[in-house]
Structures are given as C-alpha cells and as structure tokens.
2 protein chains.
Amino acid sequence: MKNYKMIICYDGTRYLGWEHQPGKDTIQGKIEQVLFRMCGEGEEVKVIGAGRTDAGVHARGMVANAVMETELTPDEIRNYLNRYLPEDIAVKEVREASERFHARYNAVGKTYRYTCFAGPVKSVFDRKYHTTLDKMPNVEKMQQAAEYLMGKHDYKSFCNNPQMKKSTIRVVDKIEIRAKSGYIHFTFHGTGFLRNMIRIMVGTLLEVGNGNMKPEQVKEIIDAKDRSQAGPMAPPEGLCLIEVDY
Amino acid sequence: MKNYKMIICYDGTRYLGWEHQPGKDTIQGKIEQVLFRMCGEGEEVKVIGAGRTDAGVHARGMVANAVMETELTPDEIRNYLNRYLPEDIAVKEVREASERFHARYNAVGKTYRYTCFAGPVKSVFDRKYHTTLDKMPNVEKMQQAAEYLMGKHDYKSFCNNPQMKKSTIRVVDKIEIRAKSGYIHFTFHGTGFLRNMIRIMVGTLLEVGNGNMKPEQVKEIIDAKDRSQAGPMAPPEGLCLIEVDY
C-alpha cells in the first residue's frame with residue numbers, strides 16, 4: 001500500500017460539494033469510484049481532501065491523498081483518473097507521498113479566490129465562475145473593511161455552523177481586493193476557514209462596498225461573535241479553492 | 001423605424017445554431033423574441049445576422065441588424081436585451097446604423113478562431129470552448145499545409161453543401177496556427193466562408209498534423225474540387241466567430 005498525493009481541479013457547478021454523500025454527486029465520491037475500479041474493486045479507496053468545498057464551489061488546486069495498492073505509476077494513475085472522471089473534474093498531478101502525509105491534518109494554509117462581475121454587459125463564457133453584481137461596489141471602502149477582517153480573530157460571526165463546538169479562532173493573513181475590466185477578485189489566504197466563512201466575509205464586504213455598511217462596522221461584527229450581525233452569504237459560483245500549502 | 005447594428009456574444013453549446021428555426025432554440029430566434037416583446041409585440045422584428053453559425057458554434061463578435069420602432073436609446077436596447085436574453089447570449093453593443101446597413105450584404109471579411117487542446121491534463125473550466133485532441137499534432141507541418149489553403153481558390157472540396165449552386169470561390173487571406181500551453185489556436189480571416197468550410201479545413205489540417213497526410217496533399221485536395229478528398233469536419237465546440245469587418 002502506498003500513499004498518493006493528488007492535485008485536483010473541478011467545476012463544482014453540478015456537484016453537491018466535495019464531500020462524499022451516498023447516492024449524491026460529489027467530487028470525492030466520483031474520485032473514490034474511479035480509484036476503486038482502478039484498484040480492482042477489492043477494498044474501498046478512501047480519498048482524504050484538504051478541506052470540504054460547498055455545493056457549487058470550484059477548485060483549481062484541491063489537494064487530496066489516498067492510500068492504495070496499485071501497480072500503476074503516479075502518471076498512469078493520473079491518466080486513468082482523467083480518462084474515467086467526468087469532464088468537469090481533472091487531476092493535475094499525482095505523486096507518491098510519505099505514508100504519514102494527510103491532506104487535511106498537514107495543510108497549513110489555503111488560498112481562495114472569490115470573483116464578482118459588474119461590467120456593463122454580462123460575461124457569457126465564464127458565467128459559471130463568477131457572481132454577477134448589479135453595480136460596481138466601492139473597492140476602496142471594501143479594502144478598508146478588509147483591514148479589520150485580517151489578523152487572528154474569533155470569526156464566530158462568519159461561521160454558518162451554529163453547533164460548532166471547536167474553536168472559531170482563525171488567522172487570515174491576506175485579503176486582497178482587485179478590480180479589473182468589470183471583475184472584482186477577492187483573494188483570501190489563511191490557516192484555515194470555518195464553514196461558509198469566505199462567502200460570509202465576501203457578502204459582508206459587498207454590503208460595505210454597496211454603501212449599506214461602514215467599513216468600521218466590520219470590527220463590531222467581529223467583536224459581536226454573532227452570525228446575525230454579519231452580511232449575507234455570497235453565492236457559491238464565485239468561489240474557487242486556488243491552493244493548499246503544506 | 002430605425003436600423004440598429006448589434007454586436008453579439010454567445011455560448012452556442014445548447015443552440016441549434018444562429019438561424020431561426022420554428023420551435024427550436026436558436027440565437028437569432030431568442031433575440032427576435034426579446035425584441036418583439038420590447039417593441040410592444042406589434043409587428044415581428046427580423047434580425048439579420050452577418051452569417052449563420054452551426055449548432056454548437058460560439059461567437060464573440062457576431063454582428064446583426066434589425067429595423068425597429070422603439071423609443072429606447074441604443075444603450076437602453078442593449079440593457080433590455082441583456083436583461084431578458086438567456087445567460088448564454090449577451091449583446092455587447094447596440095448602435096444606430098444607416099438605413100441601408102445590412103449585416104450580411106455589407107460584411108467584407110470575417111475572423112474565426114478554432115481552438116484545440118492537447119495538454120497532458122484535460123482543461124476543466126473552458127472545456128466547452130475547445131476540442132480535445134489525444135496528442136499534440138505537428139504544428140509546423142500544419143503551417144506548411146495552411147500555405148496551400150490560403151489565397152483565392154475554389155474551395156468546393158471544403159464545402160458541405162452538395163447542392164451549392166453559387167460560386168464556391170473564396171479568398172482566405174490569413175491562416176495563423178499557434179501552439180501555447182497545450183492549446184492550438186487556428187485563426188482564419190477571409191471574405192466569407194462556405195458551409196462548414198472552417199471545420200473541414202481544421203479537420204484536414206489536423207490530418208496533416210497527425211501524420212496521416214502530407215502538407216503538399218492539401219494542394220491536390222483543393223484541385224480535386226471534391227469534398228470526399230478533404231479531411232473530416234472538426235467538431236463545432238472549438239469554433240468561434242471573432243469579428244466581422246464592414
């Protein structure tokens with residue numbers, strides 16, 4: 001048995017998210033199915049992802065690992081996966097990893113990008129990979145608000161899991177907001193993120209950008225530790241997991 | 001009544017092509033429906049396109065004109081269209097044109113791009129806008145073959161309309177083939193193209209690139225004036241109408 005590290009790309013549009021759910025289309029489920037077949041349909045293959053992405057969220061650099069028994073080389077495993085996976089999931093790389101490598105426990109950082117589009121004419125060809133806004137928000141105000149969101153904080157107000165028993169303290173060391181040709185790209189880097197945290201941060205930043213909230217209010221929202229104080233959750237299609245650090 | 005010129009973008013994946021067909025989803029049909037409603041559902045509105053694109057073919061710069069009676073400004077017409085058209089059709093620009101402007105008769109040139117992908121890992125996010133190849137063809141050989149295809153020729157061998165009664169002579173003044181990061185982009189410019197002509201030219205060039213045909217054979221194919229001598233028709237999803245010249 002060897003442990004393999006994989007880098008995976010997917011268009012999450014038609015999936016219920018990363019995590020395996022019996023009878024549902026999920027990315028983890030699709031990959032496990034193909035690997036099970038590849039390994040001769042003996043034992044089940046378990047694929048461990050660096051994290052879970054929500055229904056409709058995309059990834060350009062999801063990392064996962066799987067312990068398997070196979071005679072194929074890593075490149076052959078990659079080719080096998082790409083041949084049998086649906087066209088909206090691709091495996092960019094397969095490498096042999098140390099037996100202790102665990103895609104979730106060993107992840108030390110993640111980069112996510114959220115993309116909005118507010119141009120005068122809707123954008124046809126990448127329409128499934130951004131959220132369309134009615135008007136261009138004030139980017140400078142959102143950048144001011146983002147300053148409060150960065151750092152080490154208790155992000156309870158930005159977590160959609162009311163039963164969360166573990167710590168809701170996280171470190172977000174980068175929030176970059178750039179506007180270009182009608183697009184607004186939000187790039188987040190942190191040690192890890194709570195359930196729906198990025199989408200709630202984006203929803204809150206857009207409230208600021210649309211003038212419904214002052215940048216300083218974001219500080220109060222953090223201090224409140226109360227989900228109802230933050231903005232709405234931005235839709236999934238704008239979100240993409242870009243990279244996982246180890 | 002005024003004449004309006006429009007520049008239209010569409011993802012042709014789910015359409016039976018540009019041209020109106022009763023009871024079928026076509027791009028012309030969708031636009032005519034919305035304009036009919038916009039003009040108060042009085043007289044039918046006829047949209048004249050610069051040309052027809054096949055089922056599944058895309059456009060970034062289709063040009064069309066329509067003679068209509070409306071109080072809306074050109075920008076308001078554009079916004080109305082973008083609000084009510086499906087998400088895979090967008091109108092980039094609407095301008096008032098001279099009453100004699102005719103999108104088809106006045107077109108003097110067209111640029112099409114055909115995109116193939118032959119990278120080691122399938123490409124997920126733009127998968128509907130290219131044709132995937134099993135292996136990278138020889139670009140230099142295709143460029144040699146393209147030299148024969150350029151110029152003023154009778155392109156009967158590259159026309160899928162056996163009943164074509166009119167002249168099959170056309171001028172193709174540019175065929176550029178570029179490979180980059182696993183993609184191969186074929187750019188064609190000419191005065192006009194016969195039915196399926198670009199897809200048959202690409203299919204023939206790929207035969208050369210895959211070593212099934214010598215570059216010089218393309219000259220013989222042109223001279224034969226016989227469709228059966230040319231290569232197969234490349235699939236529609238790789239093709240996009242980029243620009244129309246007037």
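The values are calculated or read from the model by the stated rules, or taken from the named source; none is laboratory data. As the structure is a prediction and not an experimental result, all values here were calculated from the model. Because the Cβ atoms are built from the backbone with ideal geometry, glycine has one as well, and the counts that use them run over all protein chains shown.
Just checking, does the stretch B:192-209 include any residue being touching a residue at least 12 places away in the same chain (Cβ under 8 Å), β-branched (Val, Ile, Thr), closer than 25 Å to B:Thr13 by Cα and not in a helix (DSSP H, G or I)?
no
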Here's a check for you: in the stretch B:54-85, which residue that is of a type outside the set (S, T, N, Q), at the interface with another protein chain (Cβ under 10 Å from one of its Cβ atoms) and over 18 Å from B:Tyr246 (Cα atoms) is surrounded by the most Cβ atoms within 10 Å (Cβ to Cβ)? B:His58
Here is a check on your reading of the model: is A:Asn106 within 13 Å of another protein chain (Cβ to nearest Cβ), within 30 Å of A:Cys39 (Cα to Cα) and surrounded by 16 or more Cβ atoms within 10 Å (Cβ to Cβ)? no
Consider the stretch A:35-49. How many of its residues are of a type outside the set (Gly, Ala, Ser), part of a loop (DSSP other than H, G, I, E, B) and either within 14 Å of chain B (Cβ to nearest Cβ) or over 22 Å from the mean Cα position of the chain (by Cα) (or both)? 5
For the stretch A:214-243, which positions are surrounded by 23 or more Cβ atoms within 10 Å (Cβ to Cβ) and assigned to a strand (DSSP E or B)? A:Leu239, A:Cys240, A:Leu241
Apart from one, (1) of a type in the set (Gly, Ala, Ser); (2) more than 19 Å from B:Ala50 (Cβ to Cβ); (3) crowded, with 20+ Cβ neighbours inside 10 Å all hold for B:Gly211; the odd one out is (3)
Looking at A:Phe158, is it touching a strand residue (DSSP E or B) at 6+ places or on another chain (Cβ under 7 Å), under 25 Å from A:Thr132 (Cα atoms) and either modelled with pLDDT of 95 or more or crowded, with 20+ Cβ neighbours inside 10 Å (or both)? no
What number of residues within the stretch B:109-127 are touching a helix residue (DSSP H, G or I) at 6+ places or on another chain (Cβ under 7 Å) and surrounded by fewer than 18 Cβ atoms within 10 Å (Cβ to Cβ)? 1
Check on A:Phe188, more than 11 Å from A:Phe158 (Cα to Cα) and within 19 Å of the chain's Cα centre (by Cα): yes
Within the stretch B:144-155, which residues are acidic (Asp, Glu) and in a helix (DSSP H, G or I)? B:Glu147
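Being outside any helix (DSSP H, G or I), modelled with pLDDT of 95 or more and among the β-branched types (Val, Ile, Thr) is the requirement here; does B:Ile177 meet it?
yes
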For the stretch A:125-134, check the following and say yes or no: at least one residue is touching a residue at least 24 places away in the same chain (Cβ under 8 Å), touching a strand residue (DSSP E or B) at 6+ places or on another chain (Cβ under 7 Å), assigned to a helix (DSSP H, G or I) and within 30 Å of B:Gly61 (Cα to Cα). yes
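Table: residues versus (1) free of Cβ contacts under 8 Å to residues at least 40 places away in the same chain; (2) within 14 Å of another protein chain (Cβ to nearest Cβ); (3) outside any loop (DSSP other than H, G, I, E, B); (4) closer than 22 Å to B:Cys240 by Cβ.
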{"site": "B:Val94", "(1), (2), (3), (4)": "no, yes, yes, yes"}
{"site": "B:Cys116", "(1), (2), (3), (4)": "no, no, yes, yes"}
{"site": "B:Pro137", "(1), (2), (3), (4)": "no, no, no, yes"}
{"site": "B:Met142", "(1), (2), (3), (4)": "no, no, yes, yes"}
{"site": "B:Ser157", "(1), (2), (3), (4)": "no, no, yes, no"}
{"site": "B:Val171", "(1), (2), (3), (4)": "yes, no, yes, yes"}
{"site": "B:Phe188", "(1), (2), (3), (4)": "no, no, yes, yes"}
For the stretch A:16-33, give me each residue that is closer than 15 Å to A:Met62 by Cβ and either touching a residue at least 60 places away in the same chain (Cβ under 8 Å) or in a helix (DSSP H, G or I) (or both). A:Ile27, A:Gln28, A:Gly29, A:Lys30, A:Ile31, A:Glu32
If a residue has to be within 21 Å of A:Met68 (Cα to Cα), more than 17 Å from the chain's Cα centre (by Cα) and either acidic (Asp, Glu) or within 14 Å of chain B (Cβ to nearest Cβ) (or both) to count, how many in the stretch A:1-34 make the cut? 4
